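The values are calculated or read from the model by the stated rules, or taken from the named source; none is laboratory data. What you see is a predicted model, and the numbers here were worked out from it, not measured in a lab. Here Cβ is always computed from backbone atoms with ideal geometry, including for glycine, and neighbour counts include all displayed protein chains.
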Protein chains: 2
Amino acid sequence: MGKPQLDQVDRLLLGTLSTDADVSNKTLAARLGLAESTCAYRVRALREAGIITGTRAQLDLALLGYPLQAIIMVRLGSHTMTNVNQLYDALVSAPGVIQAFHVAGADDFYLHVAVENAEALRDFVLQHVTSHRVVRQTETHLVFEVRGGAGVLAT
Amino acid sequence: MGKPQLDQVDRLLLGTLSTDADVSNKTLAARLGLAESTCAYRVRALREAGIITGTRAQLDLALLGYPLQAIIMVRLGSHTMTNVNQLYDALVSAPGVIQAFHVAGADDFYLHVAVENAEALRDFVLQHVTSHRVVRQTETHLVFEVRGGAGVLAT
DNA sequence: TGTGAAATATAACGCTA
DNA sequence: TAGCGTTATATTTCACA
């Protein structure tokens, strides 16, 4: 499976689906001026090529009762491979974690979390982050707002 | 429209759909032991309540030709409301931006970006970030890996 | 690309607890 | 009020021409 060849139509399809995967094949085809069968075929091909890895429902976290978001920067004291991987596994499975970035630099992980309130945020850090021995330091930054970006297909 | 009352079934539905929104209503109902009509009704209700805001296709950015990801921290020199908002608007519409966080603390924005290579990353910062007068400083951190977290429904 | 048959989704209905 | 099962209608999916 070599590098897939993507034309402009594929990029338009991906751009649309990455914004709204609910569009029916019918309207998707009409929007791009494709035959329905062709459109369905191309979307399926993009899935089989692994370009589209899946689709996810987006949730309103505030309405769900988690109106407070934060980025928690996590710095380790020891960087053996097992330490890093075990902590990573633990962090991504902690309840409230939306995304976990393993990064280069002074910090090792950035955690994007959503919680009920400030108290829950404090408890999260204590229970799921600093409770790990290997964690040397954390820094918690309140998130005012998150916006989805234009993505890589905006050009 | 007050605060919606979510029971355990709703939380299971949301947990499933936020992981894989492609499941058919039929299998979704079977998995939770609901009648198909009930299942469809509840999902629709969650949409109408605004809990489910939409669904998005997830893309494999590396396969798409953007194998390099980074977090760019952006610090402003002036924080008037118009400055902040105008920059925010510009940043989220810059090609390659996956997400933009407006945060509290020394930095103002964290940008999660995906690019073709290191050169493109440099160009992105120069063209779409530091080119704005109001930007005083940036700090770019390479992302080794991103993982989706357990989410808020993991409990 | 177009077509047609099978599968599925949607929405409305009445019935029950 | 919420769940269920059943309809009829619309739509999607898939294999094939």
* Considering only the range B:80-96, how many residues are part of a helix (DSSP H, G or I), farther than 22 Å from B:Ala70 by Cα and not hydrophobic (A, V, I, L, M, F, W, C)? -> 4
* Test result for A:Arg47, more than 16 Å from DNA strand C (Cβ to nearest atom), among the basic types (Lys, Arg) and in a helix (DSSP H, G or I) -> yes
* Given the conditions (1) more than 16 Å from DNA strand D (Cβ to nearest atom); (2) facing another protein chain (nearest Cβ under 9 Å); (3) crowded, with 16+ Cβ neighbours inside 10 Å; (4) not in a strand (DSSP E or B), and given that B:Gln99 satisfies all but one, which numbered condition is not satisfied? -> (4)
* Structure fact -> Inside the range B:14-37, the number of residues satisfying the requirement of being within 9 Å of DNA strand C (Cβ to nearest atom) and of a type outside the set (A, V, I, L, M, F, W, C) is 6
* Only listed residue being touching a residue at least 40 places away in the same chain (Cβ under 8 Å), within 16 Å of DNA strand D (Cβ to nearest atom), over 30 Å from A:Val134 (Cβ atoms) and surrounded by 14 or more Cβ atoms within 10 Å (Cβ to Cβ), chosen from A:Ala29, A:Ala40, A:Ala49 -> A:Ala49
* To do: Pull up the range B:111-122, narrow it to residues that are part of a helix (DSSP H, G or I) and under 13 Å from B:Ile72 (Cα atoms), then point me to the one that is nearest to the other protein chains (Cβ to nearest Cβ).
  => B:Leu121
* When the residues of the range A:141-152 are filtered to those that are free of Cβ contacts under 8 Å to residues at least 60 places away in the same chain and in contact with a Leu (Cβ under 8 Å, 6 or more places away or on another chain), which remaining residue is farthest from the other protein chains (Cβ to nearest Cβ)? -> A:Val152
* Test set (1) more than 8 Å from chain A (Cβ to nearest Cβ); (2) of a type outside the set (Lys, Arg); (3) within 11 Å of DNA strand D (Cβ to nearest atom) - B:Thr80 fails condition number -> (3)
* To do: Could you please find all residues in the range B:1-13 being near DNA strand D (Cβ under 9 Å from one of its atoms) and charged (D, E, K, R)?
  => B:Asp7, B:Asp10
* Which members of the range A:52-76 meet the condition of being more than 9 Å from chain B (Cβ to nearest Cβ) and touching a residue at least 40 places away in the same chain (Cβ under 8 Å)? -> A:Pro67, A:Leu68, A:Ile72, A:Met73, A:Val74, A:Arg75, A:Leu76
* To do: Give A:Leu91, A:Leu87, A:Leu76 a once-over and let me know the one that is in the same structural domain as A:Val115 (by TED's automatic domain parsing), modelled with pLDDT of 95 or more and over 29 Å from B:Leu14 (Cβ atoms).
  => A:Leu76
* Asked: Given the residues B:Asp89, B:Asp108, which is the only one that is crowded, with 17+ Cβ neighbours inside 10 Å, over 22 Å from A:Leu46 (Cβ atoms) and more than 7 Å from chain A (Cβ to nearest Cβ)?
  -> B:Asp108
* Asked: Any residue at all in the range B:85-95 that is among the aromatic types (Phe, Trp, Tyr) and touching a residue at least 40 places away in the same chain (Cβ under 8 Å)?
  -> no
* Answer yes or no as to whether B:Ala154 is surrounded by fewer than 17 Cβ atoms within 10 Å (Cβ to Cβ), modelled with pLDDT under 95 and not in a strand (DSSP E or B). => yes
* From (1) in a loop (DSSP other than H, G, I, E, B); (2) away from DNA strand D (no atom under 14 Å from the Cβ), pick out the condition that doesn't hold for B:Thr16. => (1)
* Just checking, how many residues over the range B:7-48 are closer than 18 Å to A:Leu63 by Cβ and at the interface with chain A (Cβ under 7 Å from one of its Cβ atoms)? -> 4
* **Top-ranked residue of the range B:111-151 - restricted to ones that are touching a helix residue (DSSP H, G or I) at 6+ places or on another chain (Cβ under 9 Å) and among the β-branched types (Val, Ile, Thr), ranked as surrounded by the fewest Cβ atoms within 10 Å (Cβ to Cβ)** => B:Thr138
* Scan A:Thr138, A:Thr155 and give me the residue that is among the hydroxyl-bearing types (Ser, Thr, Tyr) and more than 12 Å from chain B (Cβ to nearest Cβ). => A:Thr138
